Every structure is written in C-alpha cells, then in structure tokens.
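Step one of this worksheet: look at the structure below.
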Amino acid sequence: MRREPLVFAFHDNKLYTFERTDQHSASVFGGPLPANLTGCPFGPKPLHLIAHLRSWHIPVLGERFVFDLPLIYGMHYDGCEMSYRRTKAHEIEILHIEPASSADDWPYANFPPILPYIPLRLDDTPRLTNYDEFAHRFPNMPWPQPAELVVAVPPPATIGLSLWGGGDGDGVTIVFECDLDQQKISVCNRTS
C-alpha cells in the first residue's frame, strides 16, 4: 500500500522519497532532538527535529562521513531562517537563527514541543531526475541548486498534526540546504 511521502531528498540527479513505515527504521520523521544544541542563543521555546536521515538510505552521507543527518527547524519561530552544523556525535552548533525569540502562538496556539515520531523507509529505489524537476514540486525553490544535497518537507496530511495550521494549504515547505563537506545545514521555509 502506497503511503504519503513525508520527506524528499535530492542529490546527484537522484530523488530519494521517504514515507512512513510500520517497522523500526534508522531514518525518522519527528521525535526528540538527537543532540545537545550549542552556539547562538534562542528561545525560550525549543527547536524541532523535522527528520533524521541516515547514510544507508542516502549513500553520499556515508561517503562524506556524515552517517546521520539531523534536520532541525524553529517551528515556534515565525519565518525562521537558521544554519547549524554537527560538531560532535551528540552536539549541534547553531550558527545563525533569525528570529532568535520564539512566539507563544506560532505556528498556532498549543503547538507541541516535539513532532510525532514516525519511522521512515525509502519509497522504492532512488529515481533519476534533475534539479529542475525536483524543484518544481515545491513552491519558490531556490534556483540554481543551492547545495549538494537539498531536502524538502512539505506539510504532511497524515501524521495527526498540522505543521502550519491554516498555512498547510499554502504548501509551506521546509527546505534544508546541506553542505556535506562543511557539515553545515541552512534551513528556511518556502511558500507559494
């Protein structure tokens, strides 16, 4: 049975599509942060783990000694733009975050501090495509391709939670631009 794709990753003209699975998996959507956060101050609300992707699902990660890729974002930070890098196995350094102050009712009142934990599996084998074809799936994607690995997370319909409240219908997509050599990730949201 085909399930809703939750995470889309693009590298080297290959599209990796991740969907929910009922079995334990190394790659996940949501759940608790896998590392301590250091660097730029922010708060008082926490950042969210959007997904955690592993090298056996995306081979270039292992080739660059990035065995796991935590994708974090400030859901409580209106219009959040941030960058960070993995410094140690259990530490992530926040390099930049704007705004640095969270909002009490963003993206809506009572938004949870942790997203639902959902194991992910690759939906079939990576599909050959080009960046233009990948980017056209989502609103206002950067052009040309901004990083070696680009990950897009559109608003899911089947996780029992709205990411954006009324904005889910606008196709708000969280976009991660991953510089694997520097192990630096820049993230923002794009909307139609």
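Some notes on this structure:
- Taking every residue in the stretch 167-192 that is part of a helix (DSSP H, G or I) and pairing it with any residue that is of a type in the set (Asp, Glu), at least 6 positions away or on another chain, yields no pair with a Cβ-Cβ distance below 6 Å.
- The one condition in (1) at pLDDT 95 or above; (2) open to solvent by 50 Å² or more (accessible area, probe 1.4 Å); (3) touching a Ser or Thr at 6+ places or on another chain (Cβ under 9 Å) that Asp170 fails to fulfil: (1)
- Put simply, of Leu122, Leu163 the only residue that is within 16 Å of the chain's Cα centre (by Cα) and open to solvent by 30 Å² or more (accessible area, probe 1.4 Å) is Leu122.
- Some residue of the stretch 30-42 being among the small types (Gly, Ala, Ser), closer than 21 Å to Asp168 by Cβ and open to solvent by less than 20 Å² (accessible area, probe 1.4 Å): yes
- The condition (being surrounded by 13 or more Cβ atoms within 10 Å (Cβ to Cβ), among the β-branched types (Val, Ile, Thr), within 15 Å of the chain's Cα centre (by Cα) and over 20 Å from Tyr16 (Cα atoms)) is satisfied by just one residue among Ile185, Ile92: Ile92.
- Selection from the stretch 4-29 of residues that are surrounded by fewer than 22 Cβ atoms within 10 Å (Cβ to Cβ), not in a strand (DSSP E or B) and not aliphatic (A, V, I, L, M): Glu4, Asp12, Asn13, Thr21, Asp22, Gln23, His24, Ser25
The values are calculated or read from the model by the stated rules, or taken from the named source; none is laboratory data. In this text, all values refer to a predicted model and were calculated from it rather than measured experimentally. So basically every Cβ, Gly included, is an ideal-geometry build from the backbone, and we count neighbours across all protein chains shown. Accessible surface is based on the protein model in full, side chains and every heavy atom, while ligands, DNA and RNA are left aside. Shrake-Rupley method; radii C 1.70, N 1.55, O 1.52, S 1.80 Å.
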